[in-house]
Amino acid sequence: MSFNIKITIISYISFSILLFSCEIDTEIGHDYSLPNKNYIMIHGFITGRDIEIFVNKSFPPEKIIQDDAIISCNVKLFENGVHLFDLDKKNSNLFKSPKYFTPRLNSTYHIVVNTDRLGKATSAEQKVHSPVKIDTIYKTKIQDNENLINIVFKFQDPKGEKNYYYPRVYVYPPDENESSFFKEKFYGSYAFDDKFTDGQCITKHFEKIYIYQKDSIKVELISLSEDLYLFLESKHENYHSLGNSFTNQPIPVYTNIKNGYGIFGSFTVDSMYMYLK
């Protein structure tokens, strides 16, 4: 027996988990068609709560450096084309929006990174969309195995829009704090678009989820900006092309940074919980 509690969340996701824990900086920087020099690398994300930007310098594959930080650097944030403020520098690579600031839905943002030696890098504009809500989740049992279930969830795709999604499932043991990343189990999926499902009710499955009695389950539906979706798709293709003997060079990773490389994207999240008994 189980019951569902609906919770809508627009929250920060660890960027390393969202990007499948890939070493993005290194692999983009190791495109041999690029000039033999340093250049600006940016990985920035707008959530419903804040903006975080990771800035570093790349280096050609034959060189080894101890520090990829850019010593003299600032990051300017623009909303609907108007400069708002410079992001706060938290450490040598991380820049964040002030605590009082919350990105506004349906507004567009872009950043400009200024450096002394590597020049200026500018991102494409990104719009903050409302999260697409999960309608329902339920479980189905797997015969002859009480510890394995399938998780099914459904949501309504907004009609007449280009939408991009990345779903995932967490399983938490009883009495575990949700913020703990040590005992939870994570089930990722893949990013997909609504090219053939525009305006339809979409059903997705996570199969063979391992559970114990009284575990709790959280399903997340992450709505991605188009640029972030293209980045993830190209990252996946880049990874698989590295071991392909029929390809002369790796498939390039998508970037929306002018005079630099990386990604500036946005995402929002909707979540629903299921508590098992």
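When both region 203-243 and region 128-146 are represented by their alpha-carbon centers, they are found 13 Å apart. Simple spin-label estimate for residue 120 and residue 49 gives 3.3 nm between the two label positions (7 Å along the Cα-to-Cβ direction from each Cα).
Stokes-Einstein, applied to the Kirkwood radius of region 104-242 over Cα pairs at a viscosity of 1.002 mPa s and 20 °C, places its translational diffusion at 120 µm² s⁻¹. Annotation: the residues 221, 228, sorted from fewest to most other C-beta atoms within 10 Å of their own C-beta, follow the order 221, 228. For a 29 Å ceiling on Cα separation, which of these pairs sit above it: 96/154; 89/133; 139/235; 162/218; 185/235? Correct reply: 96/154; 89/133; 139/235. Placing a pseudo-label 7 Å from each Cα along the Cα-to-Cβ vector at residue 107 and residue 258 gives an inter-label distance of 2.2 nm. With R₀ fixed at 35 Å, the C-beta to C-beta distance from residue 86 to residue 130 puts the FRET efficiency at about 0.80. Modelled label positions at residue 139 and residue 189, each set 7 Å beyond Cα in the direction of Cβ, lie 1.8 nm from each other. Can you pull a Stokes-Einstein diffusion coefficient for region 63-120 at 10 °C (1.306 mPa s), Rh from Kirkwood over Cα pairs, as a whole number of µm²/s? Reported coefficient: 123 µm²/s. Going from the residue with the fewest nearby Cβ atoms within 10 Å to the one with the most, 212, 164 rank 212, 164. From the C-alpha coordinates alone, can you work out the Kirkwood hydrodynamic radius of region 80-158, in Å? Mean inverse Cα-Cα distance, inverted, gives 17.3 Å. In plain terms, the residue of 148, 118, 232 with the fewest other Cβ atoms within 10 Å comes first and the most crowded comes last, giving 148, 118, 232. Less than 5 angstrom separates the built amide H of residue 215 from those of 276, all sequence-distant by 5 or more or on a different chain.
Computed from the coordinates by the stated procedures, all read-outs in this text should not be read as laboratory data. Computed from a predicted structure; not experimentally measured. Reconstructed Cβ throughout: ideal geometry from the backbone, glycine too, with neighbour counts over all protein chains shown.
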